[in-house]
Amino acid sequence: MIVCPLVSGSSGNATLVVGGGVSLLVDCGATGATIEKALNSLGYNPRELTAVLVTHAHDDHVKGLGVISRRYNLPVYASVGVWEEIMKRNKVGTINAKNVRVFQSVKINDSLCFGDLSARFFSTPHDAYDSVGYIFSDGKASFGLATDFGHVTPGIRAALHGCQVVLLESNYDEDMLWKGPYPYPLKTRIAGGNGHLSNADAGDFAIELVQKGAQHIFLGHLSVHNNTQELAYHTVKEKLLAANIEPRRDCMIYMTRRYEPSRLLEF
């Protein structure tokens, strides 16, 4: 499998997943031109994409969805609730009805199939209706993508434990958030159980993930106002070290990039 976060952060999110004879986008939260440029820079032709899978209906995950789907005649997969929100808010323009594929997120351990690659979905606690994360597997290795959730649920644990590679949200530094300029209701929403995962929470969960088999962890979806790469990496690293897990020796930790592709990882 090959995984590469094309863009990642509160300003936009899209991730390339290649394996089993297919190439998938997870989310399309940047302009179509940005997505195309990112793919081309990695040597991938957007016309070779198989489908787009959506986690939820917030703009930073669907901004370029309509353009990419129409331009390359790509099917779009989303939970029933996510697609209803996309249509209700008229976020992506017209998409060919034949390219809309919805699924019931409440089906435990159900999965989508793309060639020899499976995509199992799981519910995430976020202030976006019916939001999900995904686990991709080619039968040999697995990649878990989990961003935009306010706390780690038993379902998230069950889904991500055992994944060799994980893209994990590390959205905000607590001091930056609470001392920052956001209005108090927004701060409480971000820090709430249906908001986002802090650096400290990401570090705590990273310990579990490594203990359960994770070898590579991308830290993603960093807030533009309430976090920095240095803070996120340092916080997670210190949590791991305190649990006698040494980055580079026991696992690899990568920082995602906000406006350009991050590390392309083949495993």
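The values are calculated or read from the model by the stated rules, or taken from the named source; none is laboratory data. The structure displayed is predicted, hence computed values, not measured ones. FYI the Cβ positions are ideal-geometry reconstructions off the backbone, even for glycines, and counts take in every protein chain you see. Keep in mind that these areas ignore ligands, DNA and RNA; they rest on the heavy atoms of the full protein, side chains included. Shrake-Rupley method; radii C 1.70, N 1.55, O 1.52, S 1.80 Å.
Structure values in brief
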| quantity | calculated |
| --- | --- |
| Two-decimal ratio, region 61-183, of alpha-carbon radius of gyration to 2.2 N^0.38 Å | 1.18 |
| C-alpha center-to-center spacing [region 109-144, region 233-255] in angstrom | 25 |
| Estimated FRET transfer efficiency when R0 is 45 angstrom, pair residue 31-residue 211 (beta carbons, to 0.05) | 0.70 |
| ³J(HN,Hα), Karplus 6.51/-1.76/1.60, whole Hz, each residue of region 121-138, x for Gly, Pro | 10, 8, 6, 10, x, 9, 7, 9, 4, 6, 6, 9, x, 9, 10, 9, 9, 9 |
| Separation in nanometres of the label points that stand 7 Å from Cα toward Cβ, at residue 104 and residue 70 | 3.3 |
| Rg/Rg_globular for region 131-267, with Rg_globular taken as 2.2 N^0.38 Å and Rg from C-alpha atoms | 1.01 |
| Most fluctuating residue given options 23, 41, 11, as computed from a GNM of the chain linking Cα atoms under 10 Å | 41 |
| Distance between modelled label sites at residue 230 and residue 141, nm, 7 Å Cα→Cβ extension | 3.2 |
| Computed E for residue 158/residue 89 - FRET, C-beta separation, R0 35 angstrom, nearest 0.05 | 0.65 |
| Equivalent-ellipsoid semi-axes of the chain, from the Cα gyration tensor, Å, largest first | 27, 21, 18 |
| DSSP-defined antiparallel bridges as percent of all bridges, region 72-191, nearest 5 | 65 |
| Full-stretch length increase - residue 252, residue 189 - with 0.36 nm per residue and alpha-carbon distance subtracted | 19.6 nm |
| Helix-only CD estimate at 222 nm, as mean residue ellipticity for the chain, using -39500 (n - 2.57) per DSSP H run (n ≥ 4) | -8500 deg cm²/dmol |
| Protein accessible area in the chain, 1.4 Å probe - carbon and sulfur % | 48 |
| Residue of 81, 93, 162 that the Gaussian network model of the chain assigns the largest fluctuation, springs spanning Cα pairs under 10 Å | 93 |
| Hypothetical label at residue 47: residues of region 66-106 whose amide nitrogen lies under 19 Å (7 Å Cα-Cβ projection) | 67-75 |
| Per residue solvent-accessible surface (Å²) - the chain, probe of 1.4 Å | 42 |
| Restraint check, 37/63; 212/237; 212/239; 187/212; 37/98, Cα-Cα greater than 21 Å | 187/212; 37/98 |
| Percent antiparallel among DSSP beta bridges (both partners in the chain, rounded to 5) | 50 |
